[in-house]
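The next block holds one structure in the form of C-alpha cells; read it before the comments.
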C-alpha cells in the first residue's frame, strides 16, 4: 500500500501591503507644529485677558480721570442724538468716548482706595447703561415717527401745520411734556383791502 501523501498546507494569509512612510512623517510634523502654535496663541489670549497691558493715565489722579471719563459720556450722548439708525447712533457714541476710555486701565491703576475703585466701577456701569439707552431711545423715536407718518399718510420728513401739530402732540404724550401749538402765522387771513395805512 503506497504511503499516503501529507495533507496540503493551508495557504498562508496574505500580508497587508505596507503603507508608505512619507505621509505618516508629514502628519507627525504638521501636528508637531500646530499643537505648540495653538498653545502659544491660547496663552497669549489668557494673559491679555487676565493681565492686560496698562498704559499710563494722561490724568494725574483718579478723580481727574473719572471726571474726564464722565464728561466724555455726556458729550457722546449729545453727539448720538438726531439719528434714526440705532447702529449708527451707537457707533457715534462709541467713537466719541474712545479717546478717553482707551485709558480706562491706566485710570484704574491710579485708583488705589476702595472708594475710588467703587466710583470707577459705577462709572463703567453708567457707560454701558448709556449705550443701551442710546440704542433704545433711537429705536423708540424711529418707531414713533413711523407711527405718526402712518396716521397722517405722509412721509416722516413732511412739513406742514397738521404734521407739525401731530408730531408735537405725539411727542408730548411720549415724554409727558406739554406740546406747543403749531404756529398759525401761515394760516392767518389776509386783512381786507382798504384797512391798511393810507398814503398821505
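The values are calculated or read from the model by the stated rules, or taken from the named source; none is laboratory data. Small disclaimer: the values here were computed from a predicted structure and weren't measured. Cβ coordinates were reconstructed from backbone atoms using ideal geometry, including for glycine residues, and neighbour counts include every protein chain displayed.
Here are the numbers:
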item	result
Lone unmet requirement of (1) touching a helix residue (DSSP H, G or I) at 6+ places or on another chain (Cβ under 9 Å); (2) part of a helix (DSSP H, G or I) for residue 82	(2)
Matching residues, region 46-63, being surrounded by fewer than 11 Cβ atoms within 10 Å (Cβ to Cβ) and either assigned to a helix (DSSP H, G or I) or modelled with pLDDT of 90 or more (or both)	46, 48, 49, 50, 60
Check on residue 66, surrounded by 16 or more Cβ atoms within 10 Å (Cβ to Cβ), in contact (Cβ under 8 Å) with a residue 40 or more places away in the chain and within 27 Å of residue 130 (Cβ to Cβ)	yes
Residue count, region 106-123 (criterion: surrounded by 13 or more Cβ atoms within 10 Å (Cβ to Cβ) and part of a helix (DSSP H, G or I))	10
Residue in region 15-32 that is at pLDDT 90 or above and assigned to a loop (DSSP other than H, G, I, E, B) present	no
Any hit, region 108-119, residues being under 15 Å from the mean Cα position of the chain (by Cα) and free of Cβ contacts under 8 Å to residues at least 60 places away in the same chain	no
Among (1) modelled with pLDDT under 80; (2) within 18 Å of the chain's Cα centre (by Cα) - the single one residue 125 does not satisfy	(1)
Selected residue [in contact with a helix residue (DSSP H, G or I) (Cβ under 9 Å, 6 or more places away or on another chain), surrounded by 10 or more Cβ atoms within 10 Å (Cβ to Cβ), at pLDDT below 90 and in a helix (DSSP H, G or I)] from 77, 99, 95, 43	77
